[in-house]
Amino acid sequence: MPATTEDAEQRIARIRARIQEPRFPDHVVDVTHSGAVGDGVTDCTAAIAEAVSRCSAAGGGRVLVPAGRYRTGAVHLLDDVELHVAEGAVLEFSRDPADYLPVVRTRYEGVDCYNYSPFVYAVGRRNVALTGRGTLDGRAGPQHWWNWVKAPAPDEGPAKQRLLAAAAAGVPVEERVFGEGHHLRPSMVQLYDCTDVLVEGLTFRRSPMWTLHPVLCTNVTIRDVTVDSHGNNNDGCNPESCRDVLILGCTFDTGDDCIAVKSGKDADGRAVGVPSERIAVLDCRMRAGHGGVTLGSETSGGIRDVVAYRCEMSSPELKRALRIKSNPDRGGYVRDVLFADIEVGTVSQAAVEIALDYGRVTTGEFPPEVADIEVRGLRVGSAGRALNLVGLPDAPIRGLRLRDCTFERVAEPDVVRHVVDSDLGEAQQLPQR
């Protein structure tokens, strides 16, 4: 049966039953025994790397970062290692881009390339975790990383265009080399092609761009984390081309989408062709952001079988609560999605937005397919509008169903364009234009 016909709890139980969390031997390596000093001044990069290497070589276990302030560059995780940042501990990441070289295989806004290392990174690893009650502080700001977004220089724009052109032309990933001089910001945490992943308990602040970014991963649990980061493109959590993902009990207060499920961008996403699927978002809290739970805009590999349940969202700086975005350059699909029992206090724009003209792109060779989306038990206190639904003439939104949804105060009428085979319920009674 279609996944959207399942009860939310049944659906979450089905997804959770597939997820195996990592397990680690009862072995602890303290980074201070490798020379790390928590004085906020000493460069601890080599000491942390040595502790991770020693722990993995011994068969795995916990690498402990005790209370203190530890300055570091890139941290790379290895098999069977849990990096545990204890309560009272802060990893303070370097503001020098050179500390994130040499370049590594990564994915930048849905396109694979070689670029600066993410601040915490793993590639091709099994059984990895990032846990604790401490804080990871990217130390980004108007003069560091965030100033790469727009002209005047430094400006990431030319490098982004070069990367997209290379992907469209089929240039091998190994030849798409950026890093020094190109100003493509790294993610804060990126786990690439990993299996059995856990991120738990930590607070993440001041990310250069996307904060938690698992790519091509299987069995991912992100639990009880807080993301408080308000720069440009500071998404909270972006599972991309991932399978069997649980995001549970997290709090997001961000400069972009709180959660955004993705699957690769344009030609590159279609070439890789790996969907995001079987993703559950449960008992999360969303504050500021462009979207609370978002799917897209990078939909080129497809997104399916997603459920968001019992989440709370509210902020004057939250633009949309439930959001799906794509355009006819992206292609791919979004289907079998259930949003259930979502409580929204205040949202400034739309409570529910499905926009297939993202970036004001309305024509292209790859119109996306969006179908079988159910919104059940949505409660909204105040919104700019209830619905902003913009399909395309050759790619209408299909099979959108609203069940038992209430919108108490709505400032503007709905926008409903190119929506077919749908049941918008009582929300449809609001004036439209």
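Here are the numbers for this structure:
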item: Loop-resident sites, segment 293-401, for GluC sites (Glu not before Pro), counting at most 12 other Cβ within 10 Å (DSSP); result: E365
item: Spatial separation of Cα centroids for segment 326-352 and segment 383-403, in angstrom; result: 9
item: D421-S53 pseudo-label distance in nm [points 7 Å out on the Cα-to-Cβ vector]; result: 5.7
item: Rounded if a/c under 1.5, otherwise prolate or oblate - segment 313-374, Cα gyration tensor axes; result: oblate
item: Rounded to 5, the percent of DSSP beta bridges in segment 97-214 classed as antiparallel; result: 25
item: E412-H27 pseudo-label distance in nm [points 7 Å out on the Cα-to-Cβ vector]; result: 5.9
item: For the chain: rounded, prolate or oblate by the Cα gyration tensor [a/c cutoff 1.5]; result: prolate
item: Beta bridges per DSSP with both ends in the chain, % antiparallel, nearest 5; result: 5
item: Highest-MSF residue in the chain out of A168, A383, A49 [GNM, Cα springs under 10 Å]; result: A168
item: FRET efficiency, D96 to V177 (Cβ-Cβ, R0 22 Å, nearest 0.05); result: 0.65
item: Ratio Rg/Rh, restricted to segment 2-91 and using Cα atoms, in which Rh is the Kirkwood radius; result: 1.21
item: The chain, helix-only ellipticity at 222 nm - DSSP H runs n ≥ 4, -39,500 (n - 2.57), divided by all residues, nearest 500; result: -3000 deg cm²/dmol
item: Virtual spin-label span in nm between A13 and R360, 7 Å along Cα→Cβ; result: 4.9
item: Among D244, D256, D357, residue whose mean-square fluctuation peaks in a GNM of the chain (springs only between Cα atoms under 10 Å); result: D357
item: 14 Å Cα cut-off, lysine pairs counted over the chain (separation 8 or more, or different chains); result: 4
item: Top of T362, T299, T72 by mean-square fluctuation, Gaussian network on the chain, Cα under 10 Å; result: T362
item: Positive-end residue of P152, C44, A165, charge dipole of segment 30-176 with Cβ unit charges; result: A165
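Any read-out appearing in this document is the output of simple, stated calculations on the displayed coordinates, not a laboratory observation. Because the structure is predicted, anything quoted here is derived from the model rather than measured. Don't worry about glycine lacking a Cβ; one is built from the backbone with ideal geometry, like all the others, and counts go over all protein chains shown.
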